């Protein structure tokens with residue numbers, strides 16, 4: 001199996017750490033979570049893609065500090081009731097994208113065809129031909145006990161933002177997360 005890594009950069013980790021602070025507002029878009037912090041900074045959590053090999057692409061979350069006129073045009077969001085006081089916890093999760101050789105078409109195996117799957121590394125198949133380890137999700141937890149799951153979306157270059165407590169708890173269980 002060929003293995004690659006496309007995980008969060010130091011710059012992304014730095015920007016995600018800023019989300020621990022007090023939030024002024026936030027907005028969920030198809031392609032991003034945009035957070036305006038109380039100190040005036042604007043952080044955009046979005047998806048970054050990479051062509052790993054021919055016909056094999058991987059996606060990771062990236063966080064960027066939005067500056068200048070872009071920051072001004074992105075603010076106008078909803079109040080961050082749970083995240084307004086700061087002291088938020090940020091947890092990054094490792095994901096995997098892998099490709100399986102061959103597929104069955106009309107009962108016959110087509111060795112030239114491949115299927116690509118995404119999930120967490122524990123789901124990796126022994127027959128995977130290529131795998132890319134990614135940073136595919138974060139959970140932002142507020143002191144109130146509520147939180148937000150931000151993960152790479154099913155459609156390319158999109159993010160899914162989940163605020164349902166039960167869905168987040170199920171995700172944490174599936175990923176084997178246990179709080180300290």
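The values are calculated or read from the model by the stated rules, or taken from the named source; none is laboratory data. This is a predicted model, so every value here is computed, not measured. Here the Cβ is made from the backbone with ideal geometry for all residues, glycine too, and neighbour counts use every protein chain on show.
Worth pointing out:
- Subset of the stretch 102-151 that is out of contact with any strand residue (DSSP E or B) (no Cβ under 8 Å at 6 or more places or on another chain) and either on the phi > 0 side of the Ramachandran plot or part of a helix (DSSP H, G or I) (or both) - its residue that is modelled with the highest pLDDT: 145
- For the residues 66, 42, 91, the requirement of being surrounded by 15 or more Cβ atoms within 10 Å (Cβ to Cβ) and within 12 Å of the chain's Cα centre (by Cα) singles out 91.
- The single condition among (1) farther than 25 Å from residue 154 by Cα; (2) modelled with pLDDT of 90 or more; (3) more than 17 Å from the chain's Cα centre (by Cα) that residue 73 does not meet is (2).
- Residue in the stretch 152-170 that is nearest to residue 32 (Cα to Cα), counting only those that are assigned to a strand (DSSP E or B) and touching a residue at least 40 places away in the same chain (Cβ under 8 Å): 159
- Residue 50 meets the conditions (1) within 27 Å of residue 6 (Cα to Cα); (2) modelled with pLDDT of 95 or more in every case but one. The failed one is (2).
- So residue 83, is it assigned to a loop (DSSP other than H, G, I, E, B), crowded, with 19+ Cβ neighbours inside 10 Å and at pLDDT 90 or above: yes
- Screening the candidates 139, 131 for the property of being more than 18 Å from residue 45 (Cα to Cα) and crowded, with 18+ Cβ neighbours inside 10 Å yields one hit, 131.
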